1. Amide H neighbours of S85 under 5 Å, counting only residues 5+ apart in sequence or on other chains, H built in-plane at 1.01 Å?
2. I'd like the projected area of the range 1-41, averaged over all directions, using the convex hull of its alpha carbons. Report it in nm² with one decimal.
3. Skipping prolines and chain starts, which residues have an amide H placed within reach, meaning under 5 Å, of the one on G237, given they are 5 or more residues away or on another chain?
4. Using amide H atoms built 1.01 Å from N in the peptide plane, name the residues 5+ places from V256, or on other chains, whose amide H lies under 5 Å from its own.
5. If each of R97 and E251 carries a label point 7 Å out from its Cα toward its Cβ, how far apart are those two points in nm?
6. Neighbour counts of other C-beta atoms within 10 Å: give me M99, M82 arranged from fewest to most.
Amino acid sequence: MFKLVFLALADKADGTAAVRMAVAIAARHKSGFMVQHVSTPHEREKSCVLQLSDERELAARQVEIEAFCQANMPEGLTADVMLGSGFVHVETLKTIRLMEPDLVVIGDQGDAEICRRELSASTTDTALLIAREAACPVLVVPPGMSATLNRSLSGAFRHIVAAIDLQEGTENVLNMARRIAEADGAPLAVFHALPQAHAELEGAALGRALEQAENRLSHFGRKLILPAATKFVVREGDPSVEILKYARNGEADLIVLSPDYCTDTRGLSKMEPRISSQVIAGARCPVMLVGPDAPADRFQEPRQPERKA
């Protein structure tokens, strides 16, 4: 499914979990594999960058990154290593436009995230900034995943949850989740949380709201021809809390959602990153962000098993 996997690493961040996840996916799909390491500014004063890495530092860093990758890669997989200086999301988007990968993997940003927020005064996660403009999905390996990493080292996902807000972009998220579920032979659950605007509903009114949401989920399922075994689940409550709760209770090893998951026209604005950010921060499994420019139909159909004579 993925022909080129691109791993984005940041300076002074522990990228072991992201590397292991990226190489497992690349090995499973027999993909090309490339790594880009971005060095953040050494010195800064308020919003001004005073010093970036020079050529000597970058050469030494290349040796370090190549050794780091080799220590975490299986035999037979090689990586093309690129280096850059600046903000991770800026350098990553440049490389995405140039190399056109099928999947971007990004882990904890460490000090790089602190530096970017100080200089840009933006609280939006780096992963969300990339996913909003990338022409491919962005797989985030969250900090809380380290304890459960071993179960994902095959590169295949065993239980997928597509969390949708029933707004524009829902079809992109569902199509991507469907493709991955088909490629990995994994069960798929489509999950929707009623927004806080419905919190005051009780009894029959709440029941009707839940039923209407379930009907909309089923409509999407029929329209997109999701697998017959797909589960459609609706819960009432804060979306980030309910998504994480359902994923943990169901032992999901992949959550797929929009980088701009919102409630509805009465709730958060479309560009409010709170829900997606909280899901990433609290997840114990990878989170795949599918932006508006990452249509699933660009990927080849999964191979069908050979028929025995």
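Read-outs: derived from the displayed coordinates by stated rules, not from any lab. Bear in mind that the values here come from a model prediction, so they are computed numbers and not experimental data. Here the Cβ positions follow ideal geometry from the backbone for every residue, glycine too, while neighbour counts run over all protein chains shown.
1. S39
2. Values: hull surface 11.0 nm².
Mean orientational projected area (the range 1-41, Cα hull): 2.7 nm².
3. Correct list: L194.
4. V161, A162, A163, M288
5. 4.5 nm
6. With the sparsest Cβ surroundings first, the list reads M99, M82.
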